[in-house]
Amino acid sequence: MPRRSCDGAGFLAAFRNAVATLEAHVDEINALNVFPVPDGDTGTNMLATVRAALEEADKVGPEADAATVAQAAAFGALMGARGNSGVITSQILRGIEAAWSASA
């Protein structure tokens, strides 16, 4: 299988697109939120978390390598995590960062 790679600019662009897609579907995700507490804020909390991640990733910029961008996104998500869904989302980004750091 051919090796595929992604630079910092590519990761940042993909992440920006993911945030925009989540934003477009936040109401649908909120409507799915019924367990354990049907407070309807899962999508809203996830969106706030990934926005914080993107803001931090933007600080290192597209010139940084993918591992550095992923590390910044993971840190931003952890610091900006909202609710349980935000904490879970931050851990997913941490896993992405760990995989990139291990392969760098």
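The values are calculated or read from the model by the stated rules, or taken from the named source; none is laboratory data. In this text the structure is predicted, and so the values were computed from the model without any measurement. All Cβ positions, glycine included, derive from the backbone under ideal geometry; neighbour counts span all protein chains shown. Surface areas here come from the heavy atoms of the whole protein model, side chains and all, with no ligands, DNA or RNA. Shrake-Rupley method; radii C 1.70, N 1.55, O 1.52, S 1.80 Å.
S5 passes every criterion in (1) part of a helix (DSSP H, G or I); (2) surrounded by fewer than 19 Cβ atoms within 10 Å (Cβ to Cβ); (3) modelled with pLDDT under 95 apart from (1). Within region 34-72, the set of residues being in contact (Cβ under 8 Å) with a residue 24 or more places away in the chain, more than 23 Å from A24 (Cα to Cα) and open to solvent by 30 Å² or more (accessible area, probe 1.4 Å) comprises V60, P62, E63, D65, T68, Q71. The set of residues in region 54-82 that are part of a loop (DSSP other than H, G, I, E, B) and among the aliphatic types (A, V, I, L, M) comprises A64, A81. Of everything in region 75-104 that's of a type in the set (D, E, K, R) and in contact (Cβ under 8 Å) with a residue 24 or more places away in the chain, which residue is most open to solvent (accessible area, probe 1.4 Å)? Out of the qualifying residues, it is R82.
Scan region 12-42 for residues that are of a type outside the set (D, E) and within 13 Å of the chain's Cα centre (by Cα) and jot them down. Even if it seems obvious, please write down each step before you answer.
Here is the first cut: in region 12-42, the residues of a type outside the set (D, E) are 12-22, 24-26, 29-38, 40, 42.
Residues satisfying the conditions are L12, A13, A14, F15, R16, N17, A18, V19, A20, T21, L22.
Could you check, for region 33-53, whether at least one of its residues is within 25 Å of S5 (Cβ to Cβ), assigned to a helix (DSSP H, G or I) and out of contact with any Pro (no Cβ under 8 Å at 6 or more places or on another chain)?
yes
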